[in-house]
Amino acid sequence: MSAEATNAATPGAVTPVPQSPPAPRRRSRSRLDLRRLGRAALLGPTGRDRLPDAIGHVAEAHRAHFPEADLEPLRRAYVLAESSHRGQMRKSGEPYITHPLAVTLILAELGAETTTLTASLLHDTVEDTAVTLEQVRAEFGEEVSYLVDGVTKLEKVDYGAAAEPETFRKMLVATGNDVRVMSIKLADRLHNMRTLGVMRREKQERIAKVTHEVLIPLAERLGVQVLKTELEDLVFAVLHPEEYERTRELIAGNAAAAEDPLAEMAESVRAVLREADIPAEVVIRPRHSVSVHRVSVKRGQLRGTDFGRLLVLVNEDADCYGVLGELHTCFTPVVSEFKDFIAVPKFNLYQSLHTAVAREDGQVAEVLIRTHRMHQFAEAGVIALGNPHVAPPGSDDQGEGGERDRADGERPDGERADPTRPGWLDRLLAWQAAAPDTDIFWSTLRQDLAQDREITVFRADGGALGLPEGSTCVDAAYAQYGEDAHSCIGARVNGRLAALGTVLRDGDRVQLLMGQDPASEPSREWLDHARTPTARIAIQRRLAARAAEAPAGETPADARADEAIREVPPAPEPSVEPDASFRGTGVLSDRPGLPVRLAGCCTPVPGDEIVGFTVRGGAVAAHRADCATAVRMLGTGREQVAVHWGETTAARVTLVAESFGRPHLLADLTEAIAAEGVDIVSATVEPPVRQRVRHTYTLHLPDAGHLSALMRAMRDVPGVFDVSRAASAAQ
């Protein structure tokens, strides 16, 4: 962009130096095209109605995606850009117009619509030439003007200034208003990275680091995989030249090998699908340099199938699963490698089935299965969506003026108008607006961009939440409820009570337990558990507001008890036979063959003195000797059965915690219990009475001898003044 623009008449022009090592994808054609474009650009514009030769390749690529596209805006944009940049040269020695032409060609090949390409041709004119934004608006309309202005405002992000948080914050706002701004920015950065070799080494490294830390993660989130992978390779070549060269040698060595196991696998897959009468295209997708490097670090010695993947393209969603079935039937599947990103898409538009099958020689080939439309989104991401403010032609999700009903693509009735539009950008914009200050925004953003993997957890209502790997119940609460999550008092994970700091795994079922007090406050300790920007910024903002409101030396949340805590219903028992949960407790009777159950009224544990009585169904119920029910049964002359403890010490016990009411008491108690390695089967919290709260827990102890230590740990929780064994209701 402007940093590379120089005047042809300026003395001491920079002598071209060798460029960075080429990335393996989409490079040779683009450079050949640019040499032609450079020669054509030197000839200047052509007649008024004739398409200039310099944008012939752009027009060809654009018409491949949009056969009926009107090319007149592109012609006029090129004429203005060429005349405005005439006389300016890049540091590589090429006419400057070759840069906007190259950026536009990148976007055209990815399927960008006409408005984006028009703005791309003009994206440097307002900053680097005498052309004004008003001229662009008058000639090309408000939409093109907005995109050019948005890209112009991102100029300060180039070459190291991205570390200025407020600048980057403005960039995100511009991106959020129209993702096409960032699309142009990413293509611009890709072309500049391709020609980075003309810069001095220090500047190359500075630009590459910013690209790695900020722009590559954003390309990943926007789903623009083609740009992301080439940027990764270019950054790899600059920052790690030795590893890059070694990786290129590995790739070259594999290409020169006599046998190609991936080609053999591809032909076998084609034969299987022909036999199954499933129309499909099977191609080999070579791994790019960074991907090969990662695999080599992970697996050590590489084999032929490690240098690429098989890609199977079909016409319909149902065909994807048909292909999967055939592959798993005719080849040996590697079950651990299967992932269904069609049923549960990634946060960045990506949809595909992933699997892996083994050859007879033990080599494993990874296979991606998707439709042609999915493939377009997988490659181009948001660029493939076209204008984000207008529904696709022929769809019924257009509001007035053809715009979407809401910016996130969701209709008022809750149905997704465009299920492929990423929701992460709206969430990011929401929390950047809520960040208490710029430093918190920047540090939190950097943490978020560093997360390159996501998990999916399922809510109690059947919905799904996409969270970064390592997220906790706190993150799930704020992802689902926003700032209403301040009143969260606990969570169940897969049916069991869990501490709010519990780290979630992919596929977990999470039920969040909410208090009834709308004035509830988050705990400062929650920051230790929060991993997502949404959670951290919401907590930080509320804590800052609370500190500003409180008198010196007083914390309002500590001085005020919860006035209403909802009763937590007990977790459902496992769907097994009635006495299965009591097996292995080590209770034996002197009557072989009779099952022994622990009485639920007093829940004895090993070490308690116990007595047994026969009950319905031919079983023996074991009670604590001091249980009121046992005493009553003895008084009525019920026959006793001698019972005693065996060697196994696992037990189930019910404990009652008496406490003073305060915020987050349930969360702190469940965390203390979990820290002792004890499973919570169920819990009930009674409404406060005169600032006192009664908690009843049914717990499974792996070792009953640990009961005393557990009760001490619960008593150590601030606000808890007593913990005791549950007594029978008859007492």
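The values are calculated or read from the model by the stated rules, or taken from the named source; none is laboratory data. Keep in mind the model is a prediction, meaning the values are calculated, not measured. Glycine gets a Cβ as well: all are built from the backbone with ideal geometry, and neighbour counts include every protein chain shown.
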Evaluate segment 142-163: report whether one residue or more is at pLDDT 90 or above and either touching a strand residue (DSSP E or B) at 6+ places or on another chain (Cβ under 8 Å) or on the phi > 0 side of the Ramachandran plot (or both).
no
Segment 362-374, residues that are touching a residue at least 12 places away in the same chain (Cβ under 8 Å) and over 26 Å from Glu316 (Cα atoms)
Gln363, Val364
Hits in segment 320-329 (condition: over 26 Å from the mean Cα position of the chain (by Cα) and crowded, with 20+ Cβ neighbours inside 10 Å)
Val323, Leu327
Here are some residues: Arg274, Arg285. Which one is part of a strand (DSSP E or B) and surrounded by fewer than 16 Cβ atoms within 10 Å (Cβ to Cβ)?
Arg285
Does at least one position in segment 36-56 carry a residue that is in contact with a His (Cβ under 8 Å, 6 or more places away or on another chain), of a type in the set (A, V, I, L, M, F, W, C) and at pLDDT below 55?
yes
Only unsatisfied item for Val297, checking (1) surrounded by 14 or more Cβ atoms within 10 Å (Cβ to Cβ); (2) part of a helix (DSSP H, G or I), is (1)
Enumerate the helices (runs of 4 or more DSSP H) found wholly within segment 66-132, keeping only those where 2 or more residues are within 33 Å of the chain's Cα centre (by Cα), surrounded by 19 or more Cβ atoms within 10 Å (Cβ to Cβ) and not small (Gly, Ala, Ser).
98-110, 114-121
Are any of the residues in segment 266-282 hydrophobic (A, V, I, L, M, F, W, C), outside the structural domain of Thr456 (by TED's automatic domain parsing) and without any contact (Cβ under 8 Å) to a residue 12 or more places away in the chain?
yes
Output the number of residues of segment 619-678 satisfying the condition of being at pLDDT below 85, of a type in the set (Asp, Glu) and closer than 18 Å to Phe721 by Cβ.
1
Test Arg189 against the stated conditions and say whether it is closer than 27 Å to Ala61 by Cβ, part of a helix (DSSP H, G or I), among the basic types (Lys, Arg) and at pLDDT 90 or above.
yes
Residues (out of contact with any helix residue (DSSP H, G or I) (no Cβ under 7 Å at 6 or more places or on another chain) and either outside the structural domain of Leu634 (by TED's automatic domain parsing) or surrounded by fewer than 19 Cβ atoms within 10 Å (Cβ to Cβ) (or both)) located in segment 595-617
Pro595, Gly600, Glu609, Thr614, Val615, Arg616, Gly617
Pull up segment 346-365, narrow it to residues that are assigned to a loop (DSSP other than H, G, I, E, B) and in contact with a Gly (Cβ under 9 Å, 6 or more places away or on another chain), then point me to the one that is nearest to Arg309 (Cα to Cα).
Gln363
Please report, ordered by residue number, the strands (runs of 3 or more DSSP E) entirely within segment 638-692 with at least 2 residues that are without any contact (Cβ under 8 Å) to a residue 60 or more places away in the chain.
643-645
Please verify whether segment 240-253 includes one or more residues that are in a helix (DSSP H, G or I), within 24 Å of the chain's Cα centre (by Cα), among the aromatic types (Phe, Trp, Tyr) and on the phi < 0 side of the Ramachandran plot.
no
Mind checking which residues of segment 614-637 are touching a Pro at 6+ places or on another chain (Cβ under 9 Å), aliphatic (A, V, I, L, M) and assigned to a strand (DSSP E or B)?
Ala619, Val620, Ala622
